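The values are calculated or read from the model by the stated rules, or taken from the named source; none is laboratory data. Because the structure is a prediction, the values reported are computed rather than measured. As a convention, Cβ positions derive from the backbone with ideal geometry for all residues, glycine included, and neighbour counts pool all protein chains shown.
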């Protein structure tokens with residue numbers, strides 16, 4: 001009996017080791033992933049939080065200056081069914097300044113664009129231009145609910161209301177395909193799962209981490225009352 005148990009344990013450990021090895025071989029290999037997460041950041045929340053964290057240092061003037069921004073792209077992140085790759089090429093291929101300039105309408109902070117390319121873009125298996133073209137396609141696949149396009153006053157919402165608004169605005173999107181993130185009181189981001197074909201897809205690991213707070217504040221866009 002002891003010999004049989006030992007043999008079974010050896011088989012189990014061997015299988016587990018094989019699975020782990022397979023995961024390790026795939027980890028951080030460019031182009032080897034299952035789907036994307038498009039992360040849309042509510043810019044007014046980001047700017048308020050930045051100002052609170054560093055009251056003696058002005059927030060990023062590109063994103064938090066005079067021009068009003070609503071949802072902006074935080075990033076397009078390659079994902080595994082469980083976990084995600086990052087920094088897949090070190091040093092990362094050089095990012096042309098012309099590409100950075102071309103993305104400022106969606107990602108209004110040059111530093112963010114460089115960081116997202118280094119951490120996430122290098123895992124896409126695409127070159128810089130191809131990655132940011134894919135990011136633009138992903139953003140075009142998502143429609144922002146009308147109520148959030150030109151928010152002039154603070155809005156109190158629940159995570160459920162935000163999810164319902166996005167589901168109604170985007171045919172094919174279900175609650176199993178995205179998550180809401182928040183800080184202690186504000187809506188932070190909407191993170192939407194997309195296949196490599198840019199169609200919405202379910203992502204249970206992500207949706208399990210959605211914000212559970214009863215109420216959230218969406219600060220108004222720049223120029224609106226605080």
Among (1) more than 16 Å from the chain's Cα centre (by Cα); (2) at pLDDT 95 or above - the single one residue 79 does not satisfy: (1)
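Can you tell me which residues in the range 138-154 are in a helix (DSSP H, G or I) and touching a strand residue (DSSP E or B) at 6+ places or on another chain (Cβ under 9 Å)? Please lay out each step first, then the result.
Step one: of the range 138-154, the residues in a helix (DSSP H, G or I) are 138-140, 146-148.
Selection gives 138, 139, 147, 148.
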So residue 118 fits all but one of (1) surrounded by 15 or more Cβ atoms within 10 Å (Cβ to Cβ); (2) in contact with a helix residue (DSSP H, G or I) (Cβ under 7 Å, 6 or more places away or on another chain); what number is the exception? (2)
Please pick out the residue among 219, 128 that is free of Cβ contacts under 8 Å to residues at least 40 places away in the same chain, buried (at least 17 other Cβ atoms within 10 Å of the Cβ) and over 26 Å from residue 81 (Cβ atoms). 128
For the range 182-197, which residues satisfy the criterion of being more than 18 Å from residue 212 (Cβ to Cβ) and either assigned to a strand (DSSP E or B) or touching a residue at least 40 places away in the same chain (Cβ under 8 Å) (or both)? 192, 193, 194, 195, 196
Can you find a residue that is more than 19 Å from the chain's Cα centre (by Cα) and closer than 21 Å to residue 211 by Cβ anywhere in the range 128-148? yes
The listed residue being out of contact with any strand residue (DSSP E or B) (no Cβ under 7 Å at 6 or more places or on another chain) and outside any loop (DSSP other than H, G, I, E, B), out of 165, 179: 165
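In the range 48-74, which residue that is touching a residue at least 60 places away in the same chain (Cβ under 8 Å) and in a strand (DSSP E or B) is surrounded by the most Cβ atoms within 10 Å (Cβ to Cβ)?
First, pick out the residues of the range 48-74 that are touching a residue at least 60 places away in the same chain (Cβ under 8 Å): 48-49, 64-71, 73-74.
Filter once more, so that each one left must be in a strand (DSSP E or B): 71, 73-74.
Values: 71: 19, 73: 22, 74: 24.
Among them, the one singled out is 74.
Per-residue answers, yes or no, for (1) at pLDDT below 95; (2) touching a strand residue (DSSP E or B) at 6+ places or on another chain (Cβ under 8 Å); (3) under 30 Å from residue 126 (Cα atoms):
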| site | (1), (2), (3) |
| --- | --- |
| 156 | no, yes, no |
| 170 | no, yes, yes |
| 189 | no, yes, yes |
| 195 | no, yes, yes |
| 200 | no, yes, yes |
| 216 | no, yes, no |
| 221 | yes, no, no |
